[in-house]
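The values are calculated or read from the model by the stated rules, or taken from the named source; none is laboratory data. For clarity, every value in this text was computed on a predicted model and none was experimentally measured. Cβ: placed from backbone, ideal geometry, glycine included. Neighbour counts: every protein chain shown. Note: areas computed on protein heavy atoms with side chains; ligands, DNA, RNA excluded. Shrake-Rupley method; radii C 1.70, N 1.55, O 1.52, S 1.80 Å.
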Amino acid sequence: MIIIIGAILGAVTGALIAKRRKGNTADILQYAAVYCLMFTLASLFLTIFLYRGIA
């Protein structure tokens, strides 16, 4: 569940950043995809740490 929330949050964040920088549609999609991947990877590690009891 944390991973899905991270992916959605990353895509929205990336799209908003690209839109604020006045990017065209391709820029917005690229930023959304990259931020989605970064946030998903970060939330994956967070989930692993929480389930293993490291955090």
Item to complete: Please compute P(r) over all alpha-carbon pairs of region 1-44, binned at 10 Å starting from zero, and give each bin as a whole-number percent.
Response: 38, 45, 15, 1
Worksheet entry | Within the accessible area of the chain (1.4 Å probe), percent carbon and sulfur | 73 percent
Fill in: Mean Cα-pair separation over length for the chain, i.e. relative contact order, pairs under 8 Å, 6 or more apart, %
46 percent
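Which is the longest run of the chain containing none of the trypsin sites (Lys or Arg not before Pro) found in DSSP loop states (not H, G, I, E, B) with at most 13 other C-beta atoms within 10 Å?
Values: sites that count: Arg21, Lys22.
Longest gap between qualifying sites, sites excluded: 23-55.
Expressed in nm to one decimal, what extension gain is obtained for the pair Arg20 and Phe49 from 0.36 nm per residue of sequence separation less their Cα-Cα distance? Could the numbers behind the result be given before it?
Working: separation 29, 0.36 × 29 = 10.44 nm, distance 3.36 nm.
The span from Arg20 to Phe49 would gain 7.1 nm if fully extended.
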Fill in: Karplus (6.51, -1.76, 1.60) ³J(HN,Hα), θ = phi - 60°, over region 41-49, in Hz, Gly and Pro reported as x
5, 5, 6, 5, 5, 4, 5, 4, 5
